[in-house]
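Everything on this sheet refers to the single structure shown next.
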Amino acid sequence: MTIDDKFLREFSQQMLRAMVQSVFVSVFNEAKRTSKLSQSGLAKRLGINRSVISRNLSDPPNWTVDKISDMAEALNVDIEIIARNRVSGQCHTARGVIHISVSTATGRVITVNESQTLAKPSISVNSPMQSAQGISMKVSA
């Protein structure tokens, strides 16, 4: 393994840790805003000290899959993992391959559909930010 390969591997690991942490920080902040959940309350749900929660929400942790599962359970969220092929852009989930479609105000369309699913979801996403930018997204199987 070259120095560049080692650097790229370590960088990728740090980025993944930061992404996982960012998801939970976002969920925690929303629970704090809507349900008045505190770091102490989350720590109590997890059976750990509040200082561990504080540290985990401020520094990207190297959590195990079990810890991610515990955090998701304590925050009452489901985790969905998408692995995107860097070359083709094809996205893989536990249910199979998905394709994403985005329509913009300029008329650009990228198709969204899901194959090999257990259930055939159809989800429309429309947020104020997306509307302001003229973007709508529809996910369908």
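Computed from the coordinates by the stated procedures, all read-outs in this text should not be read as laboratory data. Values in this document were obtained by computation on a predicted structure and should not be read as measured data. With ideal geometry, Cβ positions are generated from the backbone for all residues, glycine too; neighbour counts draw on all protein chains shown.
Pairs please, first residue from segment 1-26 and surrounded by fewer than 10 Cβ atoms within 10 Å (Cβ to Cβ), second anywhere and in a helix (DSSP H, G or I), Cβ atoms under 9 Å, 6+ apart in sequence or on different chains.
Met1/Arg9
If I ask for residues that are among the hydrophobic types (A, V, I, L, M, F, W, C) and touching a helix residue (DSSP H, G or I) at 6+ places or on another chain (Cβ under 8 Å), which ones from segment 73-88 would you list? Lay out the reasoning, then the answer.
Taking segment 73-88 and keeping what is among the hydrophobic types (A, V, I, L, M, F, W, C), we get 74-75, 77, 79, 81-83, 87.
Within segment 73-88, Ala74, Leu75, Val77, Ile79 qualify.
Could you tell me how many of the residues in segment 44-58 are within 20 Å of the chain's Cα centre (by Cα) and touching a residue at least 24 places away in the same chain (Cβ under 8 Å)?
So the answer is 2.
Is it true that Arg55 is surrounded by 13 or more Cβ atoms within 10 Å (Cβ to Cβ), basic (Lys, Arg) and over 17 Å from Gln13 (Cα atoms)?
Numbers: surrounded by 13 or more Cβ atoms within 10 Å (Cβ to Cβ): no; basic (Lys, Arg): yes; over 17 Å from Gln13 (Cα atoms): yes.
So Arg55 fails the test.
Please enumerate the residues belonging to segment 58-90 that are of a type in the set (A, V, I, L, M) and surrounded by 13 or more Cβ atoms within 10 Å (Cβ to Cβ). Before you say what the answer is, go through the steps one by one.
Within segment 58-90, the first condition is being of a type in the set (A, V, I, L, M), and the residues that meet it are 65, 68, 71-72, 74-75, 77, 79, 81-83, 87.
Within segment 58-90, Ile68, Met71, Ala72, Ala74, Leu75, Val77, Ile79 meet the criteria.
For every residue, the table says whether it meets (1) touching a Cys at 6+ places or on another chain (Cβ under 6 Å); (2) among the hydrophobic types (A, V, I, L, M, F, W, C); (3) in a helix (DSSP H, G or I).
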{"position": "Phe28", "(1), (2), (3)": "no, yes, yes"}
{"position": "Gly41", "(1), (2), (3)": "no, no, yes"}
{"position": "Arg45", "(1), (2), (3)": "no, no, yes"}
{"position": "Ile53", "(1), (2), (3)": "no, yes, yes"}
{"position": "Asn56", "(1), (2), (3)": "no, no, yes"}
{"position": "Pro61", "(1), (2), (3)": "no, no, no"}
{"position": "Met71", "(1), (2), (3)": "no, yes, yes"}
{"position": "Asp78", "(1), (2), (3)": "no, no, no"}
